Amino acid sequence: MPLTALEVQTQAQKIVDNLETVIVGKRHELELVLIGLLCQGHLLIEDVPGVGKTILARSLAQSLGCTFSRIQFTPDLLPSDVTGSSIFNPQTRQFEFRPGPIMGQIVLADEINRATPKTQSALLEAMEEHQMTIDGVVHPLPQPFLVIGTQNPIEYEGTFPLPEAQLDRFLLRVSLGYLSKREEIRMIEQQQFAHPLATLNAVVSDDELLALQEAVKHVFVSEAVKQYVVDITFATRENDSLYLGSSPRGSLGLFRTGQAWAAVHGRDYVLPDDIKALAEVVLAHRVMVNPSARLKQVTPKRVIADLLQRVPLPDTGNVMRGA
């Protein structure tokens, strides 16, 4: 039997509470990171330097007791530096596979847009199929598996913008943002003598996390809410300000994150408001504004917000299981 919604909520809050001992004042963003993990998706964290992107990835790995790999993306990074390669062993006279850092459970792709498109594409199969094919041999990736990509939204010199195919494989795009004055003081006090990451312990096991991921799949989604999800993604494809709307993967992402969001908040059914709350972080990085709209300072976030105002909410009378 899968876990109940209340059991999922209890475990989820335990993880977020543990992360909050390191990442101050960002509970909503931490919940979004957890949503991505529960949906077996991947995260793109786009923000300025110094707001805790790398620390968040390390904290998540330690909270889950998972292995952590960090890949520093640079222009001279090769695909084999990410995936690993087969090396000839003169003693056995055979080629032996040496796994690359992508074979971790929580993988930080730091400054992912600094690598060339060829190296960026080395992540595509891993992110979509949770396996790597190297020299014709398929290597399954460990479970759970999560890629956290980071990029700086303001420094573009020496970078290679992520292609649409790469962006579409990130389930969520999250921004941490700056702290308030009170929160920044609290952060300073926490790190006065030692970094809290040094004493962070795991609060769930691999098996417990896999059980949480399985339980999320059983959250009920009514036909009305499914229709609402598809209405939103279709609206992006028909919008005059966009020359690229959301892919079907966007619909699937909204569906899955809605299930996880409901479970984390103790419900076994998805509300239309859950979908509305997640639409921006799931869809904004999957759409592209056309040049004329960009000249008018139209952004993907603004387009999604406008669509949510126009797409009618479904009747909430039959969104519960058995209603």
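Only a single item in (1) among the hydrophobic types (A, V, I, L, M, F, W, C); (2) touching a Leu at 6+ places or on another chain (Cβ under 7 Å); (3) part of a helix (DSSP H, G or I) is not met by Ile148, and it is number (3). When you scan region 161-172, do you find a residue that is among the polar types (S, T, N, Q), in the same structural domain as Leu210 (by TED's automatic domain parsing) and in a loop (DSSP other than H, G, I, E, B), even just one? Checked region 161-172: no residue is among the polar types (S, T, N, Q), in the same structural domain as Leu210 (by TED's automatic domain parsing) and in a loop (DSSP other than H, G, I, E, B).
From the list Met187, Met127, the one residue that fits, being touching a strand residue (DSSP E or B) at 6+ places or on another chain (Cβ under 6 Å) and touching a residue at least 40 places away in the same chain (Cβ under 8 Å), is Met127. Quick check on Gln91: is it without any contact (Cβ under 8 Å) to a residue 24 or more places away in the chain and not charged (D, E, K, R)? Here the answer is yes, as Gln91 does meet what is asked. When you scan region 108-117, do you find a residue that is acidic (Asp, Glu), within 30 Å of Tyr178 (Cβ to Cβ), modelled with pLDDT of 90 or more and part of a strand (DSSP E or B), even just one? Yes, because at least one residue in region 108-117 is acidic (Asp, Glu), within 30 Å of Tyr178 (Cβ to Cβ), modelled with pLDDT of 90 or more and part of a strand (DSSP E or B). Any idea how many residues of region 295-312 are exposed (fewer than 10 other Cβ atoms within 10 Å of the Cβ) and within 19 Å of Glu46 (Cα to Cα)? So the answer is 0. Residues of region 149-157 include at least one that is surrounded by fewer than 21 Cβ atoms within 10 Å (Cβ to Cβ), among the aliphatic types (A, V, I, L, M) and over 30 Å from Gly65 (Cα atoms).
The values are calculated or read from the model by the stated rules, or taken from the named source; none is laboratory data. All values reported here derive from a predicted model rather than from experimental measurement. Note: ideal-geometry Cβ built from the backbone for every residue, glycine included; neighbour counts use all protein chains shown.
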